[in-house]
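Visitor: One structure, as structure tokens, below. Some questions next.
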Amino acid sequence: VTVRTAEREFIIEESLTQFEQEFEDRFLRVHRSCLVARDGVRGLERLPDEEGEARWGVVIEGVADPIPVSRRQLAAVKQLVKG
């Protein structure tokens, strides 16, 4: 698993699921292969449609492009954004 911070990247031996369980109060799963820091989330925006499907991306402080959110995780991300 690659952990990316504002300053650098780290490789850890722990699985993403283990990391999520250990730090569930600090991180939120937005996709099957991605967790984001809850306190870095700044919003949710609609991404360009592909094949006519609505897609969403979570906006993270200090990250240029929104990170895609899976349909399965969208409700949890919306809840976090609403506060």
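The values are calculated or read from the model by the stated rules, or taken from the named source; none is laboratory data. Please read all numbers here as calculations on a predicted model, not as lab measurements. Counting neighbours? That spans all protein chains shown, and the Cβs are built from the backbone with ideal geometry, glycine included. In case anyone asks, the SASA skips ligands and DNA or RNA and just uses the protein heavy atoms, side chains included. Shrake-Rupley method; radii C 1.70, N 1.55, O 1.52, S 1.80 Å.
Visitor: Just the number please: accessible area per residue for the chain, 1.4 Å probe, all protein chains included, in Å².
Guide: Value for the chain: 77 Å² per residue.
Visitor: I'd like the Karplus ³J(HN,Hα) series for segment 22-32: coefficients 6.51, -1.76, 1.60, θ = phi - 60°, whole numbers in Hz, and an x wherever there's a Gly or Pro.
Guide: 5, 10, 4, 6, 10, 10, 10, 6, 10, 7, 4
Visitor: At 1.002 mPa s and 20 °C, plugging the Kirkwood radius over alpha-carbon pairs of the chain into Stokes-Einstein gives what diffusion coefficient in µm²/s?
Guide: The Stokes-Einstein estimate is 159 µm²/s.
Visitor: Something else: Ignoring any ligand, DNA or RNA, what whole percent of the accessible area of the chain comes from carbon and sulfur when the probe is 1.4 angstrom?
Guide: 46 percent
Visitor: Quote the charge dipole size of the chain about the Cα centre in Debye, to the nearest 20; the model charges only the Cβ of Lys and Arg (+1) and of Asp and Glu (-1).
Guide: Rounded to the nearest 20 debye, it is 320 debye.
Visitor: When the Karplus curve 6.51 cos²θ - 1.76 cosθ + 1.60 is applied with θ = phi - 60°, which whole-Hz ³J(HN,Hα) does each residue of segment 64-70 get, with x for Gly and Pro?
Guide: Listing the rounded values in order: 4, 10, x, 9, x, 10, 6 Hz.
Visitor: Can you work out ³J(HN,Hα) from phi for every residue in segment 37-50, in order, using Karplus 6.51 cos²θ - 1.76 cosθ + 1.60 and θ = phi - 60°, giving whole Hz and x for Gly and Pro?
Guide: Those phi angles translate into 6, 4, 6, x, 6, 10, x, 9, 9, 6, 9, x, 5, 10 Hz.
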